[in-house]
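Engineer: Mind having a look at this structure? Questions to follow.
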Amino acid sequence: MSWQETYKSKIVSPKSAAAKIKSGDRVVTAHACSEPIDVIEAMIANKENYRDVEIVHMVSLGKGEYVKDIMEPYFHHNALFVGGGTRAAVAEGRADYTPCFFYKVPELFREGILPVDVAIIQVSTPDEHGYCSYGLSNDYTKPATECAKLVIAEVNTHMPRTMGDNFIHVSDIDYIVETSNPIIELKAAKIGDVEKIIGENCAKLIEDGSTLQLGIGAIPDAVLLFLKDKKDLGIHSEMISDGVVELVEAGVITNKMKTLHPGKIVVTFLMGSKRLFDFADNNPMISMHSVDYVNNPLVIMQNYKMVCINSCLQVDLMGQVVAESIGLKQFSGVGGQVDFTRGAAMAKGGKSIIAMPSTASKGTRSRIVPLLDEGAAVTTSRNDIHYVVTEYGIAELKGKTLSERGRVLIAIAHPDFRAELTKEWENRFKRKF
Ligand code: COA
């Protein structure tokens with residue numbers, strides 16, 4: 001049978017695809033902007049026929065109807081990252097969070113620790129050889145698909161054909177649902193004055209020829225605004241968003257000086273608007289690989305002058321970083337923060353940076369604190385962080401004693417909280433500040 005005949009023989013309606021899912025199955029859905037739409041909707045419509053279907057994913061940008069309280073007998077969500085759509089369900093006990101470094105997530109599937117019954121993915125239309133591209137998300141999506149007993153793929157005419165180790169042959173898909181849904185887009189974060197100053201401070205630490213990882217949100221986007229005068233930057237990042245496109249077009253990101261994959265932007269997923277999707281389509285500059293490769297610290301460290309910039313919710317006076325919980329409440333997840341912090345810290349000339357506004361909750365709480373909130377999970381250890389950056393400056397922690405760390409962190413705390421922090425410092429270190 002030709003691949004075209006194979007393809008045709010697998011086409012089903014979303015309803016028939018959803019009917020292949022059985023009670024008790026573990027269903028892994030594709031990540032972020034690649035989240036499938038029609039099959040998930042059909043699965044919700046078919047709910048009465050299921051009991052305890054476990055839905056596993058990381059960032060979800062869709063409706064997340066399976067986490068609503070009325071869905072409790074039918075679905076249970078196992079979050080590998082907690083986001084806006086799933087936070088309440090985790091807090092209210094209708095969903096659970098599984099802590100795991102992002103680069104280790106594929107291992108959970110590959111080693112059968114979380115066996116995958118069904119993978120529901122969204123891919124591009126096939127090329128002349130019968131290969132569909134995983135498009136915007138390779139990350140855990142491709143590894144989960146490769147381990148799944150059943151693969152259901154939405155083949156979307158709008159899904160960009162991205163390159164790298166990023167393809168699936170139609171013969172490896174069990175059921176195909178053809179769609180032309182608009183791809184879910186991520187709205188650009190609002191960059192305020194505080195984020196701009198933080199971005200400018202971070203940019204001071206970035207030398208020409210560096211390779212960058214930038215997280216998601218207003219701060220990474222703000223950093224990009226201040227890189228316009230740099231030369232020959234490269235990207236090796238968990239994800240990129242629209243801001244990177246501008247710097248490629250301006251000739252700032254050339255990837256020429258990269259010591260691993262020179263000339264290529266290496267990423268595991270793409271999250272942004274149509275501008276990014278159009279840029280990525282058929283673009284050989286972008287090389288997409290699974291997260292166990294891209295985020296592996298031993299791979300990241302092969303990029304000389306690797307600089308990673310991530311954000312957090314709290315930092316204590318020793319430099320312990322909380323990025324995923326507010327007290328006991330799971331707010332997000334570890335994601336790739338530790339993967340990149342470790343990788344950058346190990347790289348020749350590498351720098352690991354945590355950047356955050358000095359306050360939270362409309363200025364009423366300092367993010368720099370003497371002690372972390374009770375129950376808070378330390379995401380990144382004090383041993384791995386080189387720099388903490390706020391709108392008040394840069395605190396260099398590498399090689400500093402505990403008391404020196406406290407001093408430099410207090411110097412970049414919001415002025416309203418410095419007196420209180422200083423008192424705590426003096427009590428702890430038994431000397432005058
Ligand atoms: N105490 C109480 N509330 C706090 C707080 C604290 N210490 N710190 C933050 N908050 C509140 C903020 O005020 C804000 O609430 P509001 O919107 O009502 O004002 C909310 O929590 C979110 O904080 P914010 O700093 O705006 O979050 P963000 O969207 O910039 O995300 C992280 C920051 C740390 C959650 C995010 O970067 C993350 O999930 N990191 C971990 C994963 C990671 O680093 N991945 C990297 C590769 S992509």
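The values are calculated or read from the model by the stated rules, or taken from the named source; none is laboratory data. Everything numeric here is computed off the predicted structure, so don't read it as measured data. Here the Cβ is made from the backbone with ideal geometry for all residues, glycine too, and neighbour counts use every protein chain on show. Side chains are part of the model used for accessible areas, which takes the heavy atoms of the whole protein and leaves out ligands, DNA and RNA. Shrake-Rupley method; radii C 1.70, N 1.55, O 1.52, S 1.80 Å.
Engineer: What length, rounded to one decimal in nm, is gained on full extension from Asp69 through to Lys204, with 0.36 nm per residue of separation minus their alpha-carbon distance? Could you put the intermediate results ahead of the total?
Structural biologist: On the way: separation 135, 0.36 × 135 = 48.60 nm, distance 4.75 nm.
That pair, Asp69 and Lys204, stretches by 43.8 nm at full extension.
Engineer: How much accessible area per residue does the chain have, counting only protein heavy atoms and a probe of 1.4 Å, in square angstrom? Numbers along the way, then the final one.
Structural biologist: Values: 17570 Å² over 433 residues.
Per residue, the chain has 41 Å² of solvent-accessible surface.
Engineer: I'd like to know which of Ala345, Leu372, Ser358 lies farthest towards the positive end of the charge dipole of segment 338-433, counting +1 on Cβ of Lys and Arg and -1 on Cβ of Asp and Glu.
Structural biologist: About the Cα centre, the residue reaching furthest to the positive side is Ala345.
Engineer: May I ask you to give the percent of accessible area on segment 3-179 that is carbon plus sulfur, with a probe radius of 1.4 Å? Spell out each step's value before the answer.
Structural biologist: Working: 3300 of 6780 Å².
Ligands and nucleic acids excluded, carbon and sulfur reach 49 percent.
Engineer: Provide the convex hull volume over Cα atoms per residue for segment 146-197, in Å³. List each step's numbers first, then the result.
Structural biologist: Working: hull volume 8.2 nm³, N = 52.
Considering the Cα atoms of segment 146-197, their hull volume per residue is 157 Å³.
Engineer: Then there is this: Which one of Pro115, Ala413, Ile44 is farthest out on the positive end of the charge dipole of the chain, using unit charges on Cβ (Lys, Arg +1; Asp, Glu -1) and the Cα centre as origin?
Structural biologist: Among Pro115, Ala413, Ile44, the one farthest towards the positive end of the dipole of the chain is Ala413.
Engineer: Still on this structure, I have one more. Say R0 is 56 Å: what FRET efficiency, to the nearest 0.05, do Thr157 and Asp416 get from their beta-carbon distance? Before the final figure, lay out each step's value.
Structural biologist: Values: r = 54 Å, r/R0 = 0.96.
The calculated FRET efficiency here is 0.55.
Engineer: Want the number for Lys231 to Lys274: 0.36 nm per residue separation, take away the alpha-carbon distance, what's left? Numbers along the way, then the final one.
Structural biologist: On the way: separation 43, 0.36 × 43 = 15.48 nm, distance 2.67 nm.
Residue separation times 0.36 nm, minus the Cα-Cα distance, leaves 12.8 nm.
Engineer: Using only the Cα atoms of segment 13-138, build the gyration tensor, take square roots of its eigenvalues as a ≥ b ≥ c, and label the shape rounded, prolate or oblate: rounded if a/c is under 1.5, else prolate if a/b is larger than b/c, else oblate.
Structural biologist: oblate
Engineer: Given 0.36 nm per residue, what is the gain on full extension from Asn49 to Asp193 after removing their alpha carbon distance, in nm?
Structural biologist: Numbers: separation 144, 0.36 × 144 = 51.84 nm, distance 5.14 nm.
Contour length minus the Cα-Cα distance gives 46.7 nm.
Engineer: Roughly speaking, what % of Cα-Cα pairs in segment 193-429 are separated by over 33 Å, rounded to a whole number?
Structural biologist: Details: 4475 of 27966 pairs.
Of the Cα pairs, 16 percent sit more than 33 Å apart.
Engineer: Moving to a separate point now. With runs of 4+ DSSP H residues as the only contributors, calculate the mean residue ellipticity of the chain at 222 nm using -39,500 (n - 2.57) per run, divided by the residue total and rounded to the nearest 500. Mind showing how you got there, number by number?
Structural biologist: Working: 15 runs with 116 residues, N = 433.
Result for the chain: -7000 deg cm²/dmol, rounded to the nearest 500.
Engineer: Starting from one equal scatterer on each C-alpha and no solvent at all, send me the Debye-based log10 I(q)/I(0) for the chain at q = 0.08, 0.13 Å⁻¹, two decimals.
Structural biologist: Cα-only, vacuum Debye calculation for the chain: -0.46, -1.12.
Engineer: Here's another thing I want to ask about it. Enter the per residue convex hull volume of segment 217-339, computed from alpha-carbon coordinates, in Å³ rounded to the nearest integer.
Structural biologist: Working: hull volume 15.8 nm³, N = 123.
Taking the convex hull of the Cα positions in segment 217-339, it is 128 Å³ per residue.
Engineer: Report Rg(Cα)/(2.2 N^0.38 Å) for segment 362-433, keeping two decimals. Intermediate values should be presented prior to the final figure.
Structural biologist: Numbers: Rg = 12.2 Å, N = 72, 2.2 N^0.38 = 11.2 Å.
After normalising by residue count via 2.2 N^0.38 Å, the value is 1.09.
Engineer: Mind giving me the FRET efficiency for Arg110 and Lys432? R0 is 45 Å, r the Cβ-Cβ distance, nearest 0.05 is fine. Don't jump to the answer; show the numbers that get you there.
Structural biologist: Values: r = 56 Å, r/R0 = 1.24.
FRET efficiency, Arg110 to Lys432: 0.20.
Engineer: Classify segment 321-385 as rounded, prolate or oblate from the Cα gyration tensor: take a ≥ b ≥ c as the square roots of its eigenvalues, call it rounded if a/c is under 1.5, otherwise prolate when a/b beats b/c and oblate if not. If you can, show how the numbers build up before the last one.
Structural biologist: Working: a/c = 2.29, a/b = 1.71, b/c = 1.34.
Verdict is prolate for segment 321-385.
Engineer: Run down the aspartates and glutamates and flag those whose C-alpha is under 18 Å from the C-alpha of Lys348, throwing out any fewer than 8 positions away in its chain.
Structural biologist: Glu207, Asp208, Asp232, Asp339, Asp384, Glu396
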